[in-house]
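The values are calculated or read from the model by the stated rules, or taken from the named source; none is laboratory data. What you see is a predicted model, and the numbers here were worked out from it, not measured in a lab. Using ideal geometry, Cβ is built from the backbone for each residue, glycine included, and neighbour counts are taken over all protein chains shown. Accessible surface is based on the protein model in full, side chains and every heavy atom, while ligands, DNA and RNA are left aside. Shrake-Rupley method; radii C 1.70, N 1.55, O 1.52, S 1.80 Å.
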Amino acid sequence: MGWTSPLVLTGLVGGALLLAAFAAIETRVAEPLFQLSLFRIRAFAAGNIAAFVVSMARGGLQFMLIIWLQGIWLPLHGYDYSQTPLWAGIFLLPLIFGFLVSGPVAGTLSDRFGTRGMATAGMVVFGASFIGLMVLPVDFSYWAFAVLIAANGIGSGMFAAPNTSAIMGSVPARYRGVASGMRSTVQNSGTALSIGAFFALMIAGLANRLPQSLTSGLQRHGVPPAVAHHVGSLPPVSSLFAAILGVNPIQHLLAASRTLSSLPTAAQHKLTGRQFFPHLISGPFHHGLVLVFGVSAALAALAGLASLLRGSRYIDATTADEAFLSSPQAPPEKRGHSTVASYRPRVPEVPRTVPSSDDSAR
């Protein structure tokens, strides 16, 4: 439909207005879904910003890698289109293994040494993997690809557990259920937004080069210029989704105009083979990939900056005060009383009898 479509514009404007109405309503109800006042806590706000940005970078990456494997790399290496979804999942396993290995280790180390350094280091590894993917050729060596996506998973795992711990440990105990829901919503929103944003970037990259590539490639194999121009002028999103589905659209497009049957047999086999369409779109697709991975690297840098801004140490004032009031050192007339929720990120006057960790007092 395009960005100028009335339906698209209505959805964007209407969504923004509804989001503003949601924020206004949540500040007025007794039990809001979103406790917006929690964003006054620096560690909570910075952690959620970082989680949102990482979700955007990671969500778009997964779709781009699937298209890259299913639509180009696997057919170029002799895999039948019916087998590409299975093998794309198999070849992406290093990404999952990297996350599974680094996540528990990073969580344990962050409990001992602090969350800020571990989460920021994870974003450095995460962003570096995108830079590596940018310089990787379309027809890559698989082991180089596997190392890069494993590094991407390791960086994500190094960030996820410490960042979640920092978010949950920064809020008063009675708001941790609300904080968990807010954290999940922020992450899911980033993933959903990344799909639209990254596909838009990819299509923009394809639109610059794909029409000329399709037209010239078809003409070199005997397709009449008028037909080749018509195929090349089709929206690039159709070629993109053909790559996702593992379908060679050339046969369908040329058969509809009855051009395919009029070509020599050798040309027919060439045009409808496994490698013609992947070769044709590989150059324009790589141009779009560089654009997408460049944005992902920038998002990783932004998430790392947000992690640094969360602060080095913070103690939940409400939890610390309640722990003190329940201790033997509290005055008898105050013992057992609950305090009013406070959003101070740091409470220097907490007595030494209250145990504290890097992230919170429990």
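Structure values in brief
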read-out	value
Surface per residue (accessible, 1.4 Å probe) for the range 151-244, Å²	40
The range 221-307, accessible surface, carbon-and-sulfur percent (1.4 angstrom probe)	68
For the range 186-244: rounded, prolate or oblate by the Cα gyration tensor [a/c cutoff 1.5]	prolate
The range 26-163 - percent of accessible surface contributed by carbon and sulfur, probe 1.4 Å	70
Peptides 142-149, 196-203, 289-296 ordered by average Cβ neighbours within 10 Å, highest first	289-296, 196-203, 142-149
Ala173/Val105 FRET efficiency (R0 41 Å; Cβ-Cβ; nearest 0.05)	0.90
³J(HN,Hα) computed for each position of the range 120-126 - Karplus, 6.51 cos²θ - 1.76 cosθ + 1.60, integer Hz, glycine/proline x	5, 4, x, 6, 5, 5, 4
Rounded if a/c under 1.5, otherwise prolate or oblate - the range 107-229, Cα gyration tensor axes	oblate
Per residue value of the accessible surface for the range 253-300 (all protein chains in place, 1.4 Å probe), Å²	45
Cα gyration tensor, the range 1-62 - rounded (a/c under 1.5), prolate or oblate	oblate
Potential lengthening between Ile244 and Ala192 on full extension [0.36 nm per residue; Cα-Cα distance subtracted]	16.9 nm
Probe 1.4 Å, accessible area per residue of the range 12-114, Å²	51
Estimated FRET transfer efficiency when R0 is 30 angstrom, pair Ala21-Ile96 (beta carbons, to 0.05)	0.15
Relative packing of 272-284, 176-188, 21-33, which averages over residues the other C-beta atoms within 10 Å, highest first	272-284, 176-188, 21-33
